[in-house]
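What follows is a short report on a single structure.
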Amino acid sequence: MFESSSDYIDSYYAASCRDEQISRASLEENLQVDVVIIGAGYTGLYTALNLAEAGKSVMIIEASRVGWGASGRNGGQIIPGFSCDMPPFEAALGQDGARQVWQLVQDAASEIRRRIARHQIACDLTEGHLWTAVQQRRVKILTDWQHEAAHKWGYDQLQFIPKSDLPQHIDSDRYQAALLDPQGGHLHPLKYALGLARAAEQLGVKIFDNTKALGYQADIDGVTVQTAQGQIRANKLVLACNAYIDQLDRRIQGKILPVGTYMIATEPLSETAARQLLPSGYAVSDNQFVLDYFRLTKDHRLLFGGKCSYTGRTPNNLTEGLRQDMLKVFPQLAKTKIAFTWGGHIDITMPRTPDFGRLDNVYWAQGFSGHGIVPTCVAGRVLAEAINGDETHLKLFTALKNPAFPGGETLGALFQAVGMSYYRLRDYF
Ligand SMILES: Cc1cc2nc3c(=O)[nH]c(=O)nc-3n(C[C@H](O)[C@H](O)[C@H](O)COP(=O)(O)OP(=O)(O)OC[C@H]3O[C@@H](n4cnc5c(N)ncnc54)[C@H](O)[C@@H]3O)c2cc1C
C-alpha cells in the first residue's frame, strides 16, 4: 500500500537539515547478528540503542532512509503520556500496574533529554507544552487531568493557565484555558532521528538504508529475514514498522489502521512576529477530538498540523484547508505564505492503546495512535528489556487487548471514518 521512496519527502524538516543526511549503504550480503530490527524510526532506533548498550550485536534495515517515516515528519511535540491516556491501563492493570506505566512515561521523558545531551544531538529542543481547550465545556478535561495526574499518578507539575493569562503564551482568542506541562516540549524530529542513528552507529549498530524486508521466517532458534540482496539470520527480530508495515506481517498489521495526518510550515516570520504569536515558545495542541497542534521553529516559522484521512488519499486542497485552520487560531497570519505542506501516517489501534508484544522470537511495538515521541522511547526500553530476558514491563502492555479491525483495512477505515465524522460533529457543536 505504501511506496517508500529512496529519499525524504519534501518537508520543512528534510529541507532544514540537508547537511546531516548521511547516505547509508543498502544490504548486499548475508549477515548474522543477535537482533535484527526492521524500521529506522524512533522505535527501531531506541530499541537498537538500548540493546547495543547492553552488549548485543544489532542491525537495522530500513526500506527508505533513517527517519523517513513518521519519526522524521511529525509535529515534534514531546507530550508525556500515551494517546489513550491512563484509563485503559488502569482498567487492565489496576492502579499499581498503571502507576508502573506512568513511571515508564516519566522515565522516557527524561531519557529523551538525557540522550540529547549525552549524544550531543542538536535538534532544537525547547521545553514546555500547552494543552488547550477550545470549548468552555472542555476546560474541565484539563482540570480533571491535572487532578488525576497529581492524585493518582503522583505528577504535580501541571500548571493551569486561565484565559486571562493565556496572552502570555498564545496570541489568540480561540482558547478558553490551558494546562502547561514543563516536561513536554518540542524538537526537530528528523534531526533527532538522525542523531539517534549516529549514536547507535557509534555503539556498533549497523544501519542499512534502502533495504526493505520482503518477508521473514521464524523458527525455534531464531529468524531469517529476506531482502532483495541479502539475508539476515538473527536470534530475535523486532518489527518497528509503524503504519508502514503493510504486507510484511498481516497478523500484526491487522491490529492497526494507517491514518494520514498533515502539516504546513509558513515562510520564516520576523523574530518579533514569531515571538508575538507564541511568547513563551511552548508547543501547543488542543483537546478537540480532531486536534490542531502548532509550534515555532528555530528559524521563526509557524508549524501547524491537523486534519486526517482514513481513505489513503490526500485531502483535496490540503494546503488551503490547513491554512484556514491556522487562520482560525492566528487570523493575523492572513498574508503569510505557506512554504511547505506534507503528511505522514499514524498507526491507530481500535481502542487507541499501544500494541507491544512478542510471539516466540518476534517482538513488535506499534499502535502509537498519533502520539509517539515519548511512547516510542518507552517501547524501545520495554522491547530491549524483554529481549534481554526481563518481560516485566512488556507484560504491562500485553495485558491490553488490541483486537484486529473487523473486515481488515478497508472496512476498518470505513468504520473509523464514520466514527470520526461523529466526533468532528461533536467538536463542532
Ligand atoms: C504528521 C505527523 C505528526 C505527528 N505529530 C506528532 C507529535 O507532534 N508528537 C508525537 O508524539 N507524535 C507525533 N506523531 C506520531 C509519531 O511521529 C509516531 O508515533 C512515531 O514517529 C512512530 O515511530 P516509529 O519508529 O514506530 O515509526 P516510523 O517513524 O514511521 O518508522 C517506521 C519505519 O519502518 C520502515 N519500514 C516499514 N516497513 C518496512 C520493511 N518492510 N522493511 C524495512 N523498513 C520498513 C519505514 O520505512 C519507516 O521508516 C505524528 C505523526 C505524523 C505522521
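Laboratory data are not the source of any read-out in this text; all were calculated from the coordinates shown. This one's a predicted model, so the numbers in the text were calculated from it and none came from an experiment. No Cβ is skipped: glycine too gets one built from the backbone with ideal geometry, and neighbour counts run over all protein chains shown.
Quick one: angle between helix 408-428 and the longest Cα principal axis of the chain, in degrees between 0 and 90, rounded to 10, please.
20 degrees
Applying 1/(1 + (r/R0)^6) with R0 = 30 Å to the Cβ-Cβ distance of residue 218 and residue 53, what FRET efficiency is obtained, to the nearest 0.05? Numbers along the way, then the final one.
Numbers: r = 26 Å, r/R0 = 0.85.
Between residue 218 and residue 53 the formula returns 0.75.
Could you compute the FRET efficiency for residue 137 and residue 401, with r as their C-beta to C-beta distance and R0 at 35 Å, rounded to 0.05?
With R0 = 35 Å, the Cβ-Cβ based efficiency is 0.65.
Using a 10 Å cut-off on Cβ atoms, rank the peptides 128-139, 283-294 from the highest mean neighbour count down.
283-294, 128-139
Could you grab the relative contact order for the chain? Cα pairs under 8 Å, six or more apart, rounded to a whole percent.
It rounds to 24 percent for the chain.
Could you derive backbone 3J(HN,Hα) for the stretch 290-307 from the dihedral phi with the Karplus parameters 6.51, -1.76 and 1.60 (θ = phi - 60°), listing whole Hz in sequence and x where the residue is Gly or Pro?
Those phi angles translate into 9, 8, 9, 9, 7, 5, 9, 9, 4, 9, 6, 9, 9, 9, 10, x, x, 6 Hz.
Check residue 177: other-chain or 5+ apart residues with amide H under 5 Å from its amide H, H built from backbone geometry?
Residues meeting the amide H criterion: 133.
Return the lysines within reach of residue 307: Cα separation strictly under 17 angstrom, same-chain partners fewer than 8 residues apart disregarded; answer none if there are no such residues.
Qualifying lysines at Cα under 17 Å: 328.
Please list, by residue number, everything in the stretch 9-36 whose backbone N is under 13 Å from a paramagnetic label point 7 Å out along Cα→Cβ of residue 235.
33-36
Suppose R0 equals 60 Å. What FRET efficiency, 1/(1 + (r/R0)^6) with r the Cβ-Cβ distance, do residue 250 and residue 174 give to the nearest 0.05?
0.90
Need the C-alpha centroid separation for the stretch 247-320 versus the stretch 159-203, integer Å.
If you average the Cα positions of each part, the centres end up 13 Å apart.
Given the -39500 (n - 2.57) contribution per DSSP H run of 4+ residues, what per-residue ellipticity at 222 nm results for the chain, rounded to the nearest 500 deg cm²/dmol?
-10500 deg cm²/dmol
At most 14 other Cβ atoms within 10 Å and a DSSP loop assignment: could you name the GluC sites (Glu not before Pro) in the stretch 21-87 that fit?
Sparse-neighbourhood loop GluC sites (Glu not before Pro): 28, 29.
Take each of the peptides 67-79, 112-124, average the number of other beta-carbon atoms within 10 Å over its residues, and list them starting from the highest.
67-79, 112-124
I need the shape label for the chain. Rule: rounded when a/c is under 1.5, else prolate if a/b > b/c, else oblate, with a, b, c from the alpha carbon gyration tensor.
Prolate is the answer for the chain, as a/c is 1.5 or above and a/b outweighs b/c.
Pull out a ≥ b ≥ c, the square roots of the eigenvalues of the alpha-carbon gyration tensor of the stretch 3-136, then state rounded if a/c is under 1.5, prolate if not and a/b is larger than b/c, and oblate in the remaining case. Before the final figure, lay out each step's value.
Values: a/c = 1.96, a/b = 1.35, b/c = 1.45.
Since a/c reaches 1.5 but b/c is at least a/b, the shape of the stretch 3-136 is classed as oblate.
Report the full-extension gain for the segment residue 127 to residue 226: residue separation times 0.36 nm, less the Cα-Cα distance, to one decimal in nm.
31.4 nm
If you take the square roots of the eigenvalues of the alpha-carbon gyration tensor of the stretch 32-79 and sort them as a ≥ b ≥ c, do you get rounded (a/c under 1.5), prolate (a/b over b/c) or oblate?
Working: a/c = 4.30, a/b = 1.64, b/c = 2.62.
It comes out oblate by the Cα gyration axes.
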